[in-house]
Every structure is written in structure tokens, then in C-alpha cells.
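Working notes for the structure below.
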Amino acid sequence: MAIQYLKHGRSAEASSQDAAKVRDVVTAILADVASRGDTAVAELSAKFDNWSPERFRLSEGEIASCVRTLTSGQLDDIKFAQAQVRNFAQAQRESIRDVEIETLPGVVLGHRNMPVDSVACYVPGGKFPLVASAHMGVVTAKVAGVPRIITASPPVGGKPNPAVVAAMHLGGADEIYTFGGVQAIAAMALGTQTIDPVAMVVGPGNAYVAEAKRQLFGRIGIDLIAGPSETLVIADDSVDAELCATDLLGQAEHGFNTPAVLLTNSMQLAKDTIAEVERLLEILPTANTAGVSWRDYGEVIVADTLEEMVAVADRIASEHVQVMTRDPDYFLQNMKNYGALFLGARTNVAYGDKVIGTNHTLPTGKAARYTGGLWVGKFIKTCTYQKVLTDEASALIGSYCSRLCAIEGMIAHGEQANIRVRRFGNRDVPYGTAVPA
């Protein structure tokens, strides 16, 4: 049986046209903030968020007030989630080791792992204030040892969202700002009259936030392009349509442009899941959002073999991949392109999004072909060093370096080697010539 599509999402051409519109808007906003700083940020915040505070940075009193708004149970839940993220990030950090090795007698090479100086962690808040994104950015950066961590999230209902602020604070943020969108990314990345710029910006966001990070990359570091959420459910007839439909809609409610894809080798499950999605949309409170994503971006694909399913899944390169088959480890062993795998019917993407401990800031838009998600290592710079400890070692390396520079015609480079061969090897090497073999 050939691979069959029972349902298609938007065409690549239509998606490309959407992206072009986003690029133009983002370019203009970045230029405005770069030129006018705080004034531009204030005007854009009033325009897009109807938010015009005296200052965007929250005071200690305002932060404490937000924390007091939450119940002890809510605070305990936030602390539990952060403990899971912290535990896994700490295990990842301990896997990153400094290296020093003597590669030749008297030649020592090594690398050191150092945190970046400053990071901005963005927490989306458009349709939903994503409290968990505070854990994923702030807690992970803290474990990495970043000295300055600032955070930003847009206002919700005309004020800072207390749960988001509490999560930022409990996670260890040094500065907390209430503003959002491209103007927030630009202010933190480029700096303004009142905000010192950072070395790196991380965190998920909508298409505009993702494009802002893409355009700023190079001037600052980023974690990855983490735009609108994506999910791929891989299933066989060992599970039912209700489980598949629930997991598809669980991500489709993120926004109006969330790809939710079912990939199965069961035609009956494919048909039943389409029907079940429609049934659930009749009762789902967020159906106005999830239904649009399903209509415009939902796909149902039927393959024949497991090999075909892996090939299709790797081509899609989805952010989230939920595997509910008789042998989910087959996909762990054979898939190469994914943001995160959720293996077996007992787990699901929401666990990863909110609490289980792996990071939910993951690659979208097929970026999983070349990068994984946010983790403690994203905040670490691995920088090399070299030491030559003996005259003999310097003369030996210098001789090879001299001849290799001559091959390239880089005479001044060669002289860096030659002068050391003369001094440490006591060899008479005429200026501008290579050391004889």
C-alpha cells in the first residue's frame, strides 16, 4: 500500500507567503527599537498589548504581590515542576566535562565549559500564559551558572500574570519585565536606555517572536527557532481513536497555526480518529482555537510498514512526536529528526510541556533536522586552549606548521612558526621560507 493522505494541511506555498509577511513586520519593529529604544518599546506595547506602565521592570514589591496572589497549593505545584526540570538539567550539566590531554610530549590541549554572561528568557502569554516556559528557561540557565538572567512575558488581562511572575521569581530570575512580542525580544537583545542588552535570548513564542530571534541571531545568541507548536502522533491499532484525537487536540489548542498530524499504519484508526476529533471539538472549551488548527494544519497519513512510518516522520521532523505503538522503542532506535519523543501510551506531550522534567523549548519548522531542543548545554560555551610546555615540542609543531603555511602561501603565518623553530629548535631557517622536512 502506498502512503496515503486522508487529510492535508496548508500548502507549503501558503505557509511561505505567511512567513514573508511576518518577516517584514519584524524587520520594521527591530529597526524601530534599535533606533528609539524605550520610546519605541512603550509605543509598541501600547499598540499591541494595550499596556502602558510607568516602567516595564517589576519591583521587588510587585513581584512579592504576585507571589502572594497564588495559593500554597499552586506554589507547591510550581515548585514541584521546577524541581523536576532542575534535577534533569543538573544531570545534563554533570555530563558536560572539561577536557585536558597531552596529545604529544609537551603539547597540552583542552577545553573549558563556561556559561554565557547573560540570558533573556522569554515566556509567551498570548492565548495562554505559559508558566512552564519560565521553568524551562530560567531554571535551566540557573543550573548552567549564568550570572545574569532576565525574563519577560506579556501582560494578561491588563496586568502581569501572577503565576508566570511567581515561576520566574522562584526559578531565580534577576530581572522580571512585563512586556511581550517582538518589542520585548528587541529590547532585551539590543538594549535600551533602561535595559542592558543580553548575550543570548531563549524561549518559545509565536511566529513573530521566532522570526525576531532568527533576524537577531549573530548579534546575539539564541537557543533555536521555537515557533508555533507542532505535534506528530504515531500510532497503530494497539491504541484507540480517543487517545489519538486527545493527543492531537492537546497541542492544536496552542494557536491557530499548530500542525497536528496523525501517522498510522491502520486505515481504520485513521478514519476513527478523524471522526473522534470532530466529536471532541463539539465539547472542547478551546475548540475555537484547536478547531482552526485542525482544519488548516491537521493531517492524517496512512503508511504500510514501520520503515515507511519512520521515513515519513523524519521528513516531517516534528517538534513533538508521540509514539503509541506495540514497540515504541523501534522509533527511538530508528528516528533521527524530532524535537522530543514521548514513548508509549502512558506518557504524552503535556507531561513534557508542563512537569516531567525534560525541556519543552524545542525546534519547529523542520529545525529538528539539525538541532535538538533547549538544554543546559545551550547556555554553555565550550572554549579550547593550548599549551606547549617544552622547546622540543614547540620546534616539532613549528616545523610542520611552517610547511603547511607554505602550502597555503601564508608567509606571515609561517613566520610565527619559523621564529620558534629558530629559537627553540636552534635551526637556521631563512626568513619567509619553510622549515625543511
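Couple of notes before you dig in:
- Selection status of VAL292, touching a residue at least 24 places away in the same chain (Cβ under 8 Å) and farther than 23 Å from HIS360 by Cβ: no
Each row is one residue, and each column tells you yes or no for (1) surrounded by fewer than 20 Cβ atoms within 10 Å (Cβ to Cβ); (2) out of contact with any Pro (no Cβ under 9 Å at 6 or more places or on another chain).
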{"residue": "HIS320", "(1), (2)": "no, yes"}
{"residue": "LEU332", "(1), (2)": "yes, yes"}
{"residue": "VAL355", "(1), (2)": "yes, yes"}
{"residue": "ALA368", "(1), (2)": "no, yes"}
{"residue": "GLY373", "(1), (2)": "no, no"}
{"residue": "GLY377", "(1), (2)": "yes, yes"}
{"residue": "TYR385", "(1), (2)": "yes, yes"}
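- Sole residue being assigned to a helix (DSSP H, G or I), of a type outside the set (A, V, I, L, M) and under 23 Å from ARG219 (Cβ atoms), chosen from THR151, THR140, THR192: THR140
- For the stretch 271-279, the criterion of being of a type in the set (Val, Ile, Thr), touching a residue at least 40 places away in the same chain (Cβ under 8 Å) and either assigned to a helix (DSSP H, G or I) or open to solvent by 40 Å² or more (accessible area, probe 1.4 Å) (or both) is satisfied by at least one residue.
- Filtered residues of the stretch 94-125 (kept if surrounded by 14 or more Cβ atoms within 10 Å (Cβ to Cβ) and hydrophobic (A, V, I, L, M, F, W, C)): VAL107, VAL108, LEU109, MET114, VAL116, VAL119, ALA120, CYS121, VAL123
- Condition check for GLU392: of a type in the set (Asp, Glu), free of Cβ contacts under 8 Å to residues at least 40 places away in the same chain and more than 30 Å from ASP77 (Cα to Cα): no
- Looking across the stretch 124-158 at every residue that is among the basic types (Lys, Arg) and at pLDDT 95 or above, the one that is nearest to GLY373 (Cα to Cα) is identified as LYS142.
- Any helices (runs of 4 or more DSSP H) falling wholly within the stretch 324-418 and containing at least 1 residues that are under 22 Å from the mean Cα position of the chain (by Cα) and among the hydroxyl-bearing types (Ser, Thr, Tyr): 349-354
- Those residues of the stretch 74-116 which are touching a residue at least 24 places away in the same chain (Cβ under 8 Å), over 23 Å from VAL164 (Cβ atoms) and not aliphatic (A, V, I, L, M), in sequence order: GLN90, GLN92, ARG93, PRO105, GLY106, GLY110, HIS111, ARG112, ASN113, PRO115
- Exactly one residue out of SER229, SER238 is open to solvent by less than 40 Å² (accessible area, probe 1.4 Å), assigned to a loop (DSSP other than H, G, I, E, B) and over 15 Å from LYS7 (Cα atoms), and it is SER229.
- Looking across the stretch 322-336, the residues that are over 18 Å from ASP240 (Cβ atoms) and either in contact with a strand residue (DSSP E or B) (Cβ under 9 Å, 6 or more places away or on another chain) or among the hydrophobic types (A, V, I, L, M, F, W, C) (or both) come down to ASP329, TYR330, PHE331, LEU332, MET335.
- Per-region count, the stretch 202-220, residues closer than 10 Å to VAL182 by Cα and open to solvent by 50 Å² or more (accessible area, probe 1.4 Å): 2
- Test: residue in the stretch 249-260 that is in contact with a His (Cβ under 9 Å, 6 or more places away or on another chain) and either surrounded by 19 or more Cβ atoms within 10 Å (Cβ to Cβ) or farther than 27 Å from LEU130 by Cβ (or both): yes
- Selection of the stretch 43-61 for residues being farther than 15 Å from PRO154 by Cα and open to solvent by less than 90 Å² (accessible area, probe 1.4 Å) yields SER59, GLY61.
- LYS127 vs. criteria more than 16 Å from PHE379 (Cβ to Cβ), outside any strand (DSSP E or B) and of a type in the set (D, E, K, R): yes
- Test for THR71: is it without any contact (Cβ under 8 Å) to a residue 24 or more places away in the chain and either buried (at least 23 other Cβ atoms within 10 Å of the Cβ) or at negative phi (or both): yes
- Positions within the stretch 337-353 being without any contact (Cβ under 8 Å) to a residue 12 or more places away in the chain and open to solvent by less than 20 Å² (accessible area, probe 1.4 Å), in sequence order: none
The values are calculated or read from the model by the stated rules, or taken from the named source; none is laboratory data. Since the model is a prediction, treat every value here as computed from it, not as a measurement. We place every Cβ from the backbone using ideal geometry, glycine too, and count neighbours over all the protein chains shown. Note: accessible area is taken over every heavy atom of the protein model, side chains too, but ligands, DNA and RNA are not part of it. Shrake-Rupley method; radii C 1.70, N 1.55, O 1.52, S 1.80 Å.
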